[in-house]
Amino acid sequence: MAKVNLNLKNPKADKPTPIILIVRWSRKRSVIYTRESIHPKYWQNNKNKRKYQRAKSNFEGHAEFNRRLDNILNTAMNAYWEFLNNNEHREPTPKELRSLIKYRLELNSPDERKNFSLFDFIDERIKEETNRIKSLGKKVDNKTQSYSYRQTKKVLENYAKNKNKRVDFDTIDLDFYYNFIEYCEKTEEFSINNIGKHIKNLKAILNEATERGINENLAFKSKRFKVLREDVPNIYLTEEELKDIYELDLSRMNHYEKVRDLFLVGCYTGLRFSDLTNIKSQNFKTIRDNGQTFEALEIKMQKTGETINIPLHNIVLEIRSKYQNKTTNALPEKISNPKMNEYLKEICKAVKSLKKKEETTITKGGNKITKMVPKYELVTTHTARRSFATNMYKRGIPSLTIRKITGHKTESSFLKYIKVTPAEHAAKMYEMWQKSGEHLRKVK
């Protein structure tokens, strides 16, 4: 267990003296100079009580000064635990902990910052993303982003090895950009969107390194250094197909039944997977509004921080009845996204209506590949959210109402998200004209 203290460099000085951070653990010690200093006459010190290592009340600005000291102490302690968590509980050496604390407190000199390699900095970002605290003050599970950064680092390392090139902050320019894309296409045979994901991650890493004064090469900000992207086939499930899935007998396959039920909750709430798997019992409310009383789900979305209310569909109510007194939130237990995607394809394979084939086109290895695949192979956890948006839109619910639940900020982004064919748009308009009393020629 580490102990942290703040001492004065010269307690007997007759002028302000630097404040030193001392960290002790397992008979080891690191000494770090902070940027703070104070005259000894204003210093209140008691080595056995951290709270007395601070400026006295007669020191001008003592409240803010002491808050900065508390931040130094807390940052040092958090750095110690972070090192243990990220290194299988191996104790750090004094040099390792000193380096990490200085990095966290941004005490590195310009020369020291320049010693960070690109791969070192990616490692730091992976650690930060794993343990990041959102500005809302809530600890979030950000393993997805940290895993994505790990993948990008691995691809960059493979590129450097394959091309016998040094990859670092100063080598990331347009030549690197074009060579890297060519390598990803021809050697790794990645899809366009997979390449785009790695470019996006790299740009985010370089932006962060630039803001921290570690990177000075701005070639990545060129308009030509862009993130590649192409539209891919995204399906939705019709209400008839959802009914087929719901009526599937999975009573003898308990793990499949739970996945199916959780997926259907997503199809009738439109929640992202991260929100769907974090529903608590207290999120269920009874709403009385405009003379109506109904059961709803009230939840703050992790991605946007907005609170939404979603009325509960009969199928969701039936699923809750099934799991009442079996789980804390009366919903199926959560499962990892990859495992749920794996099970979903097996479940949907048993649904006759999902065996029809869909045309898919994707660019991989620089070549466009078009093929016909069964619809069940395209079902993922995100299909639930897309199905909700599309089915509600086709029912005639105003897009603004649906957007308030899905969280889409603009009409244009929402319309790109839903999957309605040109023929369905035409049929919708025809139906509206019929309801308004327009005399349309009937087709025999």
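What follows is calculated from the coordinates using simple rules that are stated; it is not laboratory data. A quick note: this is a predicted structure, and the numbers were derived from the prediction, not measured. FYI the Cβ positions are ideal-geometry reconstructions off the backbone, even for glycines, and counts take in every protein chain you see.
General remarks:
- Gyration tensor (alpha-carbon) shape descriptor, region 115-230, a/c threshold 1.5: prolate
- Using alpha-carbon coordinates, inclination of helix 337-349 to the longest axis of the chain, degrees: 10 degrees
- Region 229-326: C-alpha gyration tensor shape, a/c 1.5 cut-off, then a/b vs b/c: oblate
- Structure-derived Kirkwood radius over Cα pairs in Å - corresponding label in (i) 26.8; (ii) 27.9; (iii) 24.3: (i)
- Cα gyration tensor, region 239-433 - rounded (a/c under 1.5), prolate or oblate: oblate
- Rounded to the nearest 10 degrees, the angle from helix 118-130 to the longest Cα principal axis of the chain is 70 degrees.
- Protection proxy ranking, peptides 145-154, 380-389, average beta carbon neighbours within 10 Å, highest first: 380-389, 145-154
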